[in-house]
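Here's the structure, in structure tokens; my notes come after.
Derivation of every value follows stated rules applied to the coordinates shown; laboratory data play no part. Note that the coordinates shown come from a computational prediction; the quantities given were computed from them, not determined experimentally. Here the Cβ is made from the backbone with ideal geometry for all residues, glycine too, and neighbour counts use every protein chain on show.
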Amino acid sequence: MSVNTVEFQTIARMDDDECQARIVAAREKLGDRLVILGHHYQRDEVFQHADFSGDSLKLSRDAAQSSAEYIVFCGVHFMAEVADILSRPDQIAILPDLNAGCSMADMANRVNVERAWKELAEVLDPDASITPVTYINSAADLKAFCGRHGGIVCTSSNAERVLKWSFQQREKILFFPDQHLGRNTAYKMGIPLDEMVEWDFDKPMGGLTTDAIRKAKMVLWKGFCSVHQVFQAEHIDQFLEKYPETKVISHPECSFEVCQKSEYVGSTEVIINTINNAPSGTRWLVGTELNLVNRVAENSKAAGKNVHFMSPTLCMCSTMYRIDPQHLLWVLENLLEGRVVNRIRVPEREVIDAKLALKRMFEVSV
Ligand code: 13P
Ligand code: SF4
């Protein structure tokens, strides 16, 4: 549905206090008909309105279990798509700003993944020897691709279990779009780096020789997250020189070098819980998005914990940041008037196959 510009522009000019008060009032009026899901990277002004917060796995479960008529997802596009796939047909998934995408998810698409599958078929029979695994940070049609080809979805919190399952099905894995999550997880499971190759989706045959493809156990899509790319191993070294007692914790979208130097590696939910459960007085260096780190730092102050952002350059997820209180209010006030704006609707033909790949994921997750 197109943006009702006039109405949104009125809200866009609204001062923050009024906007916050009207969000609260709209939520109250919508009551049980509405659930708001908020990813940990959301800014505080939006995050505070979430009924449920979490990492991608937790939020996908929350979406599947919700009985609300409207699921407003304060996150990015692929998350709202998952909510639509997993919810009942009469439930409506909404993304407050349709421009809130994920630049990493965009690095793999149906055209370049199908081309890769075809090119791999010149070397081996992919449907017999490769399990396609897509990170949940991907479009619905790629989840459907995995569903159709005996593959599966993973998140940052179940990647190891998913890879184990995938190797039980077939000898190799094509992992997209995040090379780092694939590499960090496979290495932790004991797969040596020389059994992993990078598939450069801009080059014919991924830029690989037939011999390299035959030998590889993991074919890693050359995608990455620009936010997590900022963290460097030197940042850890420099910080530890100053504060050697520091515990380092990173998201698995960080590079191999950063994850190797981190005592803990886990999803956003794992990062938060690990720091929350740590003894008071501990110091933490955290390699993930700024809004999350600032919130954990603030919430841990009372327990005397010091929480630091890993990079000297501050960077946040600019697409998550597109969800602002004004867009949230705009979708809620439209719902109050009986209008649905910014609905996310996955085509029926993709829902069936994508659901299959997600169902396989839920079966192997704890
Ligand atoms: P989590 O599932 O760990 O919340 O990660 C989502 C994400 O996009 C991290 O960049
Ligand atoms: Fe995508 Fe990176 Fe933003 Fe996560 S932090 S939503 S992977 S761009």
* Failed item in (1) over 17 Å from the mean Cα position of the chain (by Cα); (2) within 16 Å of ligand 2 (Cβ to nearest atom), with ASN306 passing the rest -> (2)
* **Residue, nearest to GLY101 (Cα to Cα), within segment 214-233, restricted to residues that are surrounded by fewer than 23 Cβ atoms within 10 Å (Cβ to Cβ) and away from ligand 2 (no atom under 16 Å from the Cβ)** => GLN232
* Unique match (being of a type in the set (S, T, N, Q), closer than 27 Å to VAL82 by Cα and in contact with a strand residue (DSSP E or B) (Cβ under 6 Å, 6 or more places away or on another chain)) among THR134, THR155, THR185 -> THR134
* Structure fact -> ASP324 passes all but one of the listed conditions (1) without any contact (Cβ under 8 Å) to a residue 40 or more places away in the chain; (2) acidic (Asp, Glu); (3) surrounded by 18 or more Cβ atoms within 10 Å (Cβ to Cβ); the exception is number (1)
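Give me a count of the residues in segment 267-293 that are at negative phi, outside any strand (DSSP E or B) and touching a residue at least 24 places away in the same chain (Cβ under 8 Å).
First, the residues of segment 267-293 that are at negative phi: 267-280, 282-293.
Of the ones still in play, those that are also outside any strand (DSSP E or B) are 267-280, 282, 288-293.
With the extra rule that they be touching a residue at least 24 places away in the same chain (Cβ under 8 Å), the set shrinks to 267-272, 274-276, 278, 280, 282, 288-292.
Of the residues in segment 267-293, 17 are at negative phi, outside any strand (DSSP E or B) and touching a residue at least 24 places away in the same chain (Cβ under 8 Å).
Quick check on segment 65-72. Is at least one of its residues closer than 28 Å to LYS143 by Cα and within 16 Å of ligand 2 (Cβ to nearest atom)? Outline the logic, then answer.
The initial filter retains those residues of segment 65-72 that are closer than 28 Å to LYS143 by Cα, namely 65-72.
From what's left, within 16 Å of ligand 2 (Cβ to nearest atom): none.
So far as segment 65-72 goes, no, none of its residues is closer than 28 Å to LYS143 by Cα and within 16 Å of ligand 2 (Cβ to nearest atom).
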* Of the residues that sit in segment 45-64 and are in contact (Cβ under 8 Å) with a residue 40 or more places away in the chain and not in a helix (DSSP H, G or I), which one is farthest from ligand 2 (Cβ to nearest atom)? -> HIS49
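Per-residue answers, yes or no, for (1) among the aliphatic types (A, V, I, L, M); (2) in contact with an Asp or Glu (Cβ under 9 Å, 6 or more places away or on another chain):
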site: ALA83; (1), (2): yes, yes
site: ILE92; (1), (2): yes, yes
site: PRO96; (1), (2): no, yes
site: ASN137; (1), (2): no, yes
site: ASN158; (1), (2): no, no
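Return yes or no: is GLU253 touching a residue at least 24 places away in the same chain (Cβ under 8 Å), touching a His at 6+ places or on another chain (Cβ under 6 Å) and in a loop (DSSP other than H, G, I, E, B)?
Values: touching a residue at least 24 places away in the same chain (Cβ under 8 Å): yes; touching a His at 6+ places or on another chain (Cβ under 6 Å): yes; in a loop (DSSP other than H, G, I, E, B): yes.
Considered against the rule, which asks whether it is touching a residue at least 24 places away in the same chain (Cβ under 8 Å), touching a His at 6+ places or on another chain (Cβ under 6 Å) and in a loop (DSSP other than H, G, I, E, B), GLU253 comes out as yes.
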* Asked: Are any residues in segment 74-114 in a loop (DSSP other than H, G, I, E, B) and free of Cβ contacts under 8 Å to residues at least 40 places away in the same chain, and if so, which ones?
  -> SER87, ARG88, PRO89, ASP90, GLN91, ASN109
* Asked: Residue check: is ILE271 within 30 Å of PRO192 (Cα to Cα) and either surrounded by 20 or more Cβ atoms within 10 Å (Cβ to Cβ) or within 12 Å of ligand 1 (Cβ to nearest atom) (or both)?
  -> yes
